[in-house]
Amino acid sequence: MNILQVNSRARRDASHSTRLAARLVQRLRETEPESKLTVRNLNDVPVLDEAALDALFTPADQRTLEQAARVALDDTRGDTSGRCHRRGRPDV
């Protein structure tokens, strides 16, 4: 079983919904010990702003260091928010 826990909270560890989700995931994993857990914290995701879009639409060989770092951040997180814009472009 694959479990995706998506957290979006302002209070971090004091969040009631995050604690509830953690208990739910714990119980799921007790019944399915082989399950794989992926946690995404939306508050840790950089905003898709104009600078991010510029980086995504700039060909890889023309990006500044800041633009390359922004695109790499999406790629290492497995983020797909920009991938629809890059689909079919061999330079990214």
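A few remarks follow.
- Every residue from region 22-36 that is surrounded by 11 or more Cβ atoms within 10 Å (Cβ to Cβ) and assigned to a helix (DSSP H, G or I): Ala22, Leu24, Val25, Leu28, Arg29
- Members of region 4-21 found to be modelled with pLDDT of 85 or more and surrounded by 15 or more Cβ atoms within 10 Å (Cβ to Cβ), listed by number: Gln5, Asn7, Thr18, Ala21
- Filtered by the rule that a residue be in a helix (DSSP H, G or I) and under 26 Å from Leu73 (Cα atoms), region 1-20 gives Arg12, Asp13, Thr18.
- Qualifying residue in region 55-72 (condition: within 28 Å of Gln5 (Cα to Cα), modelled with pLDDT under 85 and surrounded by 13 or more Cβ atoms within 10 Å (Cβ to Cβ)): no
The values are calculated or read from the model by the stated rules, or taken from the named source; none is laboratory data. Note that the structure is predicted; figures quoted are calculated from it, not measured. All Cβ positions, glycine included, derive from the backbone under ideal geometry; neighbour counts span all protein chains shown.
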